[in-house]
Amino acid sequence: MGRHREFDVDKALDAALNVFWRKGYEGASYTDLTKATGVERPALYSAFGNKEALFRRSLERYYEHYLSFFPAALELPTAREVAAHILRSAAELHTRYPDRTGCLGIHGVLAGSEDAEPVRRTLIDARASGETALRERFERAKQEGDLPEEADCAALAAFVMAVTHGMAVQAKAGFSRDVLEAVAGQALSTWPSKP
């Protein structure tokens with residue numbers, strides 16, 4: 001008979017997520033993770049697998065609990081409203097928690113060791129998936145006549161994502177929500193409109 005788990009898995013996962021959000025994948029040590037979760041290393045391994053598996057579970061939780069604004073934005077009636085919701089929500093999220101600014105999906109692993117390459121690839125693929133969904137939404141807007149015929153939907157999606165990701169970097173560097181909201185406003189001021 002297996003030993004009964006003596007900790008709340010969801011609370012431990014939230015604590016691990018916060019460590020990864022603050023320190024990134026490679027910056028988060030097992031000491032950091034065990035201290036934050038209050039769970040010893042063997043029990044963490046037992047519950048989640050290795051550090052990479054724990055990071056991946058944390059990333060899934062991050063998307064579920066913190067990035068729900070993205071799929072919600074894709075349902076808005078106009079392409080500009082989609083972009084505005086994403087940019088403004090990102091500015092809010094990136095600055096919501098003073099102890100973990102920025103975005104786990106950006107800062108998790110931008111560059112790292114060869115050991116971190118699978119995690120870095122996962123984050124790249126996740127960002128690409130978001131950009132693809134945004135491009136498809138903009139293509140639909142173009143077909144519906146919401147965007148001008150000459151609008152480049154791929155470039156527009158890449159632009160919104162680049163601004164969002166740049167705002168995450170700025171937040172990590174200490175930029176305020178007001179500054180990030182101003183950046184979002186500036187980006188939206190260039191939005192293509194029909195003549």
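For segment 106-142, filtered to residues that are open to solvent by 60 Å² or more (accessible area, probe 1.4 Å) and small (Gly, Ala, Ser), the residue that is modelled with the highest pLDDT is 129. Per this entry, residue 121 is not counted among residues that are basic (Lys, Arg), within 21 Å of residue 179 (Cβ to Cβ) and without any contact (Cβ under 8 Å) to a residue 24 or more places away in the chain. Entry remark, segment 54-85: residues being surrounded by fewer than 16 Cβ atoms within 10 Å (Cβ to Cβ) and among the polar types (S, T, N, Q) number 2 in total.
Applying the selection to segment 143-153, what residues are open to solvent by 50 Å² or more (accessible area, probe 1.4 Å) and either without any contact (Cβ under 8 Å) to a residue 60 or more places away in the chain or in a helix (DSSP H, G or I) (or both)?
To start, the set of residues in segment 143-153 that are open to solvent by 50 Å² or more (accessible area, probe 1.4 Å) comprises 143-144, 146, 149-150, 152.
Residues satisfying the conditions are 143, 144, 149, 150, 152.
Residue 103 meets all of the listed conditions (1) hydrophobic (A, V, I, L, M, F, W, C); (2) open to solvent by less than 40 Å² (accessible area, probe 1.4 Å); (3) more than 25 Å from residue 36 (Cα to Cα) but one, namely (3). Of the numbered criteria (1) part of a helix (DSSP H, G or I); (2) in contact (Cβ under 8 Å) with a residue 24 or more places away in the chain; (3) touching a helix residue (DSSP H, G or I) at 6+ places or on another chain (Cβ under 7 Å), the one residue 159 fails is (3).
Might you check whether a residue that is under 21 Å from residue 109 (Cβ atoms), modelled with pLDDT under 95, in contact with a helix residue (DSSP H, G or I) (Cβ under 9 Å, 6 or more places away or on another chain) and surrounded by 14 or more Cβ atoms within 10 Å (Cβ to Cβ) occurs anywhere in segment 173-193? Scanning segment 173-193, I find no residue that is under 21 Å from residue 109 (Cβ atoms), modelled with pLDDT under 95, in contact with a helix residue (DSSP H, G or I) (Cβ under 9 Å, 6 or more places away or on another chain) and surrounded by 14 or more Cβ atoms within 10 Å (Cβ to Cβ), so the answer is no.
The values are calculated or read from the model by the stated rules, or taken from the named source; none is laboratory data. Model, not experiment: these values are computed from the prediction. Please note: Cβ atoms are built from the backbone with ideal geometry, for glycine as well, and neighbour counts cover all protein chains shown. Accessible surface areas use protein heavy atoms only, side chains included; no ligands, DNA or RNA. Shrake-Rupley method; radii C 1.70, N 1.55, O 1.52, S 1.80 Å.
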